[in-house]
Amino acid sequence: MAGITASTPPRMVVVALQLNLCDSGIAGCFTGRAVARAAALIKAYAPDVVTVNEVCRDDVTTLRAAFPDPSAVRSAFQPVPDRRTGLATRCRDGQEYGIGVLMRSAGTATIHTGVFPAQDPADPEKRVWLCLTADRYAACTTHLSDHDSGVAAAQGAHLLGAVVSSLPQPVLVGGDFNLRRLDGVPAGLVTRTDGGLQYVLATQATVLRAERLDTAGTTDHPGLLVTLSVWR
């Protein structure tokens, strides 16, 4: 076939959806309708990877059920530690509050997570990262510090550097970085933004399409849908 050589790595198309659902029930952006809107977007756009921030534990289960075949979806949730108590931060209804990753995979998946070395001592939330590795690629998410841009930048550098390089490649990252601009992104990472604070990045990939999705006022962030051509 023209354009294909023995040295051309096989490629796959991966659709990634990043969402901040503001579903704690505590923040002013809470509406109680964001999870239903996210489920509708999953049904409409059929992403391969969904990364979610500011969610309660059961939200990840609800979103998994929105996929055409939930049995072929692997998911993980990581609670955000509360600096004041040493326990998990809680949503208004008492559930654990945190971040989540969902990815289509027929096989098993391995969870990787950690607390960032850099933290804002004035922030009650200790910021964390979460990754899932499966048969074809790894997917990660995070929600970085919203009080101190310098701390957020250090957290982002740790995730995109030390964490991403330690995982099986390729790696997709979706998250709310709370930064208008990402400086010092390591070579080899493609980047797309919603024009605000959310990003999707990937190694060993090219971007085919990126678009903002309307969340219909259910949260204070749009969805960010990125279609990638990824190789191993």
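No lab work stands behind these numbers, since they all come straight from the coordinates. Predicted model only: the values in this text are computed from it and were never measured. No Cβ is skipped: glycine too gets one built from the backbone with ideal geometry, and neighbour counts run over all protein chains shown.
Points worth noting:
- The calculated 222 nm mean residue ellipticity attributable to helices in the chain amounts to -4000 deg cm²/dmol, summing -39500 (n - 2.57) over DSSP H runs of n ≥ 4 and dividing by all residues.
- Going by neighbour counts of Cβ atoms within 10 Å, the residues E125, E211 line up, fewest first, as E211, E125.
- The ranking of R37, R180 by Cβ neighbour count inside 10 Å, starting from the fewest, reads R180, R37.
- With the simple spin-label model, which puts each label point 7 Å out from Cα in the Cβ direction, the V115 to Y45 separation comes to 3.3 nm.
- The range 122-187 and the range 47-115: distance between their alpha carbon centers, rounded to Å: 16
- Hydrodynamic radius of the chain per Kirkwood, over alpha carbon pairs, in Å: 17.6
- Positive-end extreme of charge dipole, the range 1-147 - chosen from I111, G28, Q78 (charges on Cβ): I111
- With neighbour counts taken as other beta-carbon atoms within 10 Å, the residues S105, S165 rank, fewest first, as S165, S105.
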